[in-house]
Structures are given as C-alpha cells and as structure tokens.
Amino acid sequence: MKSLADITAALAGYDPQSVHVDDVVNIACSLVTSLRHDPTQFETRSIGDATGRVLALDVISPISVPPNDNSAMDGYAFVFGDWDGHTPLRLHVVGRVLAGDAAQLPQPLQAGQCVHIMTGAPMPVGADTVVPSELTTRDEAGVLVKGGGLRAGDNRRLLGEDLRAGGVALAAGQVLHSAAVGLLASLGIATVTVVRRPRVAYFSTGSEILSLGETPRQGAVYDSNRWVMLSLLRSWGAEPIDMGVVPDDPQQLEAAFQRAAAQADLVISSGGVSVGEADHTKAMMRQLGDVVFWRVAMRPGRPMAVGRVAGCPVFGLPGNPVAVMVTFLAFVRPALQTLMGTAVSRIPQSQVRSVAAIRKRPGRTEYQRGFCRIDANGVACVEVLPNQGSGVLSGMVQANCLVVLDHAQDAVAAGDLVTVWWLDRFI
C-alpha cells in the first residue's frame, strides 16, 4: 500500500498549502478499496428493499423483453406488402387480439386482411405493421386506412428489442434507482445480490460544540455538522455510525479515532484541522496514522486532512457547516461511490447566465451558493446569494445550485456563462 507521501510526491506541482481540487478527488478515491471486490461483502435483498443499493453481480435476463412481437398502439395489425403508405387502403377485419391473448388465429394474415389489436397484444402471424385507430375509419365492410405516411414495421415492438434472454440486463456496479428496480420486476426477478452499505463513522470535534438537548452556554454552538453529515451519508447510500461530539482532549480524540477505525470502512471528522485551532486533532491523526494536512485551493473548505488511521481511510473536514457540505460533495462523495463499487458520477450541472458580476481571482476553485431561475425571455440565469460566509447554513437552504468557478477562472461579468451544480436531489 502506497504511503500518502509517495502518492503526493507523484503529483505535478504538489504544494500542501495550495492543493488543486482535482488532485484531492483522485487521492480520495485512491484511498478506498471497492467492497464489490470482496464477495463476503455481498447481501441478498428483495427488490422492494434494494433502492439505492449497488449491484454486486451482473443480472442475467431469464426472458426476452418483450417476450414476443407486439403492438405499440391500439389499432389494426396488417401485412404492409407493397402498399405505398399514403394511398387509402381497404382492409377486411378477421379477428381481435387483446393484451395477454395468445394471438392464435386460424391461419397467417394475408394481404388485404387485418386484426383489431390493442397496445401490448401479440402480433398475429404474418402481420408486420400496426396502423393507429385514429388513422382509420371502420364500417360494416371493414377498415379504411387513410394513409398518413406509414412505413412497413411501424408501431410494432420486436421480440427481445429491449432485452434478450441470456443477456446482461443490469451490470455489476449499477445503482438500483427506480427504473432499474422496475426493469428487474419486468423480468420476474424478486431478489438481487447487492454490495452491503458502507459503514461510515462520523464525529464532530471541539469543546465549544453542544449536542441537542444540552443547555446553551456562552461561546458554545449547537452541532449542525453532525446532522448535516448523517443526512448526507444516508442519502448517498451509506450506513452512518454516529459517534457524537468529541471535545478537544487528546485522550478522548485518540479513543474516538481508534473506535471509529475499528468498526467503519471510512471515518469522517469535522473541525480541528485549521491553522490556529487547537492542535490535538492534527497531532492525534499524525500519531495514529498516515495523514496529510492541506490547504486546498478552494472556497469554502480550505483546510482539510486526508489519509489513513489504523489502516482505515479518514477525512478531516473543516469546521464550518457550509464547508462541510461542499467538501463532502466534492471529495467524500466520489470516495464513497468508489467504496460502494459504482462509477463516480458527476453532480448534474449546466451552463447558465450570471445575472450580475461575480468577484473571483484565479488560483482557487469557488463554490458559491446561488439560485437559478428562468427569466422572462425563457433563458436560465443564476444569481449568487448575498452572504457567502461558510457558516451561513441558511444559504444552503435557500440555494438550488452551487455556482462553480474553476481554478483558473477570473472575475465573471454580468451575462457570462457559468457552471452550476444542481443541489435539489442532494441536500
């Protein structure tokens, strides 16, 4: 296993006082090992209890979907033949087929014949096209097809055009969102093998931090980071281990890190990694493991510690709540996805117009809370919120996006395009 010193030595232009966000992401992901590599970490779950889980193994389709050629429309199935698709066509109705019918007609359809068919019903033998009901007129003599530019094969779903029996329906590493769960149900699959949820231990540090229920006191603040982190971890598929608040005491910090590393796949703490703060957290992380301390070239979230304690990956995040959220989304989230055995995803983002000028200097990546809307001309535009302080958690409640200004970017003029990360589904 490479040490952090070996990893950082390979980085071009590495400076612990100004680490690029891309380097942090790469190192964070390299610290963890996918649980999908170890079959002892697999579980079997019903599909009703599998949403958000990661598939441990490929799911092989036991059937073809659809299981037969079928109609995509309510209408009339017929033999297209040499018809031009435009000239009105008279057809003789010889039967009716509903969804679920076996479509067993006395003989294959012939030219000039048709079958009244419903959406999802199997195609009669010989039929290759379905004309929608709205393009027909029916009378006692049969059906008159009005044309409409139909082509041979229109409105017919082919056997196996979605999935073929024996093929991979869902690949290992797939996150089971609602569409994937629905696909499993469409195959008649009731249970799946998934990777167990990663266990992530979290504690806040600081003698000034109050837990809920404690009496307020001068100079103390209630711990919001803990509840922010527990919520984020659950929403991203982890099993959080709540270790509460640990005061600035070397013995208690040592015990907390050791307990966390012994029972978790990943350890996260907040606070105690900034210059000028009580040095106990830094000293304890150094004493117990292989940890580097950085000033990341970003705002908010500059101070950060990354490494291993007792062999367990650990992230020491800043103490301010907005910085905790931003560093989780930017760095911990990719590491967590790697640990779960799924591909690291990009947070949905867009290019939109900035309503006003935004101050920015090159040399750091900034994540500013913003609110995006559609203006009177139908154009997406974004405005940064007025108070960008890293302790202003209300701004994260008001924001529906983060305006991401990259490392080399200079000031933004009103009307310039900027990148936004959409936040609604993550916070």
Which ones in region 40-92 are of a type in the set (Asp, Glu) and in contact (Cβ under 8 Å) with a residue 12 or more places away in the chain?
43, 58, 69, 74
If a residue must be in contact (Cβ under 8 Å) with a residue 60 or more places away in the chain and not small (Gly, Ala, Ser), how many such residues does region 389-422 contain?
12
Those residues of region 354-371 which are surrounded by fewer than 20 Cβ atoms within 10 Å (Cβ to Cβ) and over 24 Å from residue 303 (Cβ atoms) amount to 355, 356, 357, 371
Taking the options 15, 6, name whichever one is at pLDDT below 95, acidic (Asp, Glu) and under 23 Å from residue 330 (Cβ atoms).
15
Could you tell me which residue of region 156-178 is nearest to residue 75 (Cα to Cα), considering only residues that are within 13 Å of the chain's Cα centre (by Cα) and among the hydrophobic types (A, V, I, L, M, F, W, C)?
176
Failed criterion for residue 95 (all others in (1) in the same structural domain as residue 141 (by TED's automatic domain parsing); (2) at pLDDT 95 or above hold)
(2)
The residue that is surrounded by the most Cβ atoms within 10 Å (Cβ to Cβ), considering only those in region 103-144 that are in a strand (DSSP E or B) and of a type in the set (Val, Ile, Thr), is 117
Could you go through region 30-38 and let me know if any residue there is closer than 22 Å to residue 334 by Cα, outside any helix (DSSP H, G or I) and touching a His at 6+ places or on another chain (Cβ under 9 Å).
no
Quick check on my filter: what residues within region 249-290 are part of a strand (DSSP E or B) and either modelled with pLDDT under 90 or of a type outside the set (A, V, I, L, M) (or both)?
269, 270, 289, 290
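Picking from 361, 353, which residue would you name as being outside the structural domain of residue 230 (by TED's automatic domain parsing), over 30 Å from residue 170 (Cβ atoms) and modelled with pLDDT of 95 or more? Full working, then the answer.
Working: 361 fails: modelled with pLDDT of 95 or more.
Of 361, 353, the one residue that is outside the structural domain of residue 230 (by TED's automatic domain parsing), over 30 Å from residue 170 (Cβ atoms) and modelled with pLDDT of 95 or more is 353.
Here's the yes/no breakdown for (1) among the aromatic types (Phe, Trp, Tyr); (2) outside any helix (DSSP H, G or I); (3) free of Cβ contacts under 8 Å to residues at least 12 places away in the same chain:
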| residue | (1), (2), (3) |
| --- | --- |
| 150 | no, yes, no |
| 165 | no, yes, no |
| 203 | yes, yes, no |
| 213 | no, yes, yes |
| 216 | no, yes, yes |
| 219 | no, yes, yes |
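The values are calculated or read from the model by the stated rules, or taken from the named source; none is laboratory data. As the structure is a computational prediction, the values presented were derived from the model and not from experiment. Every residue, glycine among them, receives a Cβ derived from its backbone with ideal geometry; neighbour counts consider all protein chains shown.
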